[in-house]
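Asks: Input: one structure, supplied below.
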Amino acid sequence: MTTIKDIADLAGVSRGTVDRVLNSRGAVSPQTAEKVLEIARALGYRPNKAGTALAAQKKKYKIGVLLFSEHNPFFDEVMEGVRAKAEELQDYGITTITRRVEFDANAQLLALEELQTEGIHGLMLAPYNHMRIKEKIDELVEKQIPVVTVNTDIDGSRRMAYVGSDYRKGGCTAAGLFALMTAGDVKLGIITGSSNVLCHTERIEGLKDTLRRFYPRIHVTEILENHDDEFKSYTLTGRLLRRHPDIDALFFAAAGVHGGCRAVEESECRPKIITFDEVPTTLKMLKKGIISATISQQPCRQGSRSLDLLFEYLTSGTVPEKEHYFVEHSIMIRETM
């Protein structure tokens, strides 16, 4: 069994330094902390959990949870997973402080500042993909506040781990489904949430790359952003269908599915539609045959696993075994409901 002494010897630091890094207490330089964590992960370090609950109760850890919009049904399901896990962790003295903000860098930065003022010891974050958010994550990590990103990641940050979908694979899956559902030359419209949310852009890149490589008969006609707003999605989708009445397929890369499908219902177009997630309004449109297929990504699991990784690290110094925790995709059609 790997011990703190083993890690200290390899890192060339004291056991006290290793203990401070693994338990997020005391000042340690970012370079040293990263070295210690890398060695601990490589050695598969697993601390003795005896007394973990008692120690956590004395520490009274606070974990911040920052997700997107109150009006986003997918993140409502992520929150269900957070609440279920948070209830389990109450016996360990863990408190969760939650915030929901729109797709806006300034709004997210303000919420992060508020959480930091509340004295959080760890952060679960669905990040807006912006340099200022990355810099804020790095600042928190330097202050020994570990960060786990959930549902969407951010390039180049020092976050500890990511829990969510492999979004490029999700886009590739959608491309394959469109190829199976259509024939001949196809005009495809894309309705996405925001170009500043990495998971949205990765889905689209996965789709486009697969179409280029294997299905060049399917052409992307236009890409529009609805910022996960149902009313905006309704308006944009209606406008798209009027500009391209011969459109064959629609790809909803984010939320706003119900609004977009309402616009399709009111038009004379009947494109093949692929979406993500199993929120009630999406399933309703799937059952009606407006949506051809939807791809699920286990939102409750994303919420609970992210919180669990932070809990394990804060209370016992357990470093995540890997950097990416991908949930499984599943495909739902009307006949599988």
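The values are calculated or read from the model by the stated rules, or taken from the named source; none is laboratory data. No experiment lies behind these values; they were computed from the predicted model shown. Note that we place each Cβ from the backbone using ideal geometry, even for glycine, and neighbour counts take in every protein chain shown.
Asks: For residues that are in a loop (DSSP other than H, G, I, E, B) and among the hydrophobic types (A, V, I, L, M, F, W, C), scanning just the range 150-199, find the one that is farthest from A253 (Cα to Cα).
Replies: For the range 150-199, the residue satisfying everything is M160.
Asks: Under 22 Å from M160 (Cα atoms) and over 20 Å from the mean Cα position of the chain (by Cα): which single residue out of K85, K59, K136 fits that description?
Replies: The unique qualifying residue is K59.
Asks: Can I ask one more? Which of the residues spanning the range 69-102 are hydroxyl-bearing (S, T, Y), crowded, with 18+ Cβ neighbours inside 10 Å and either modelled with pLDDT of 90 or more or over 20 Å from G119 (Cα atoms) (or both)?
Replies: Of everything in the range 69-102, those that are hydroxyl-bearing (S, T, Y), crowded, with 18+ Cβ neighbours inside 10 Å and either modelled with pLDDT of 90 or more or over 20 Å from G119 (Cα atoms) (or both) turn out to be S69, T96.
Asks: Checking the structure you have, find out if any residue of the range 228-243 is surrounded by fewer than 19 Cβ atoms within 10 Å (Cβ to Cβ), at negative phi and aromatic (F, W, Y).
Replies: Scanning the range 228-243 turns up at least one residue that is surrounded by fewer than 19 Cβ atoms within 10 Å (Cβ to Cβ), at negative phi and aromatic (F, W, Y).
Asks: Ok, one more. What's the number of the only condition in (1) farther than 20 Å from V186 by Cβ; (2) part of a loop (DSSP other than H, G, I, E, B) that G238 fails to meet?
Replies: Evaluating G238 over (1) farther than 20 Å from V186 by Cβ; (2) part of a loop (DSSP other than H, G, I, E, B) leaves (2) as the failure.
Asks: Could you check, for the range 209-219, whether at least one of its residues is touching a helix residue (DSSP H, G or I) at 6+ places or on another chain (Cβ under 6 Å) and under 22 Å from T282 (Cβ atoms)?
Replies: no
Asks: Same structure, new question: Please verify whether E113 is at pLDDT 95 or above and of a type in the set (D, E, K, R), treating the condition exactly as stated.
Replies: For E113, the condition - at pLDDT 95 or above and of a type in the set (D, E, K, R) - is met.
Asks: Another one. Condition first: closer than 17 Å to V319 by Cβ, surrounded by fewer than 19 Cβ atoms within 10 Å (Cβ to Cβ) and at pLDDT 70 or above. Now tell me which residues in the range 14-34 satisfy that.
Replies: Of everything in the range 14-34, those that are closer than 17 Å to V319 by Cβ, surrounded by fewer than 19 Cβ atoms within 10 Å (Cβ to Cβ) and at pLDDT 70 or above turn out to be R15, D19, N23, P30, Q31, T32, E34.
Asks: Does N151 meet the test of being of a type in the set (S, T, N, Q), crowded, with 16+ Cβ neighbours inside 10 Å, in contact (Cβ under 8 Å) with a residue 60 or more places away in the chain and on the phi > 0 side of the Ramachandran plot?
Replies: Taking the combined requirement at face value, the residue satisfies it.
Asks: For A174, work out the one condition from (1) free of Cβ contacts under 8 Å to residues at least 40 places away in the same chain; (2) crowded, with 18+ Cβ neighbours inside 10 Å; (3) not polar (S, T, N, Q) it doesn't fulfil.
Replies: So A174 meets the others, but not (1).
Asks: Further question: For the range 249-337, give me every one of the helices (runs of 4 or more DSSP H) that falls completely inside it and has 3 or more residues that are hydrophobic (A, V, I, L, M, F, W, C) and surrounded by 19 or more Cβ atoms within 10 Å (Cβ to Cβ).
Replies: Where helices (runs of 4 or more DSSP H) fall fully within the range 249-337 and carry at least 3 residues being hydrophobic (A, V, I, L, M, F, W, C) and surrounded by 19 or more Cβ atoms within 10 Å (Cβ to Cβ), they are 257-266, 299-316.
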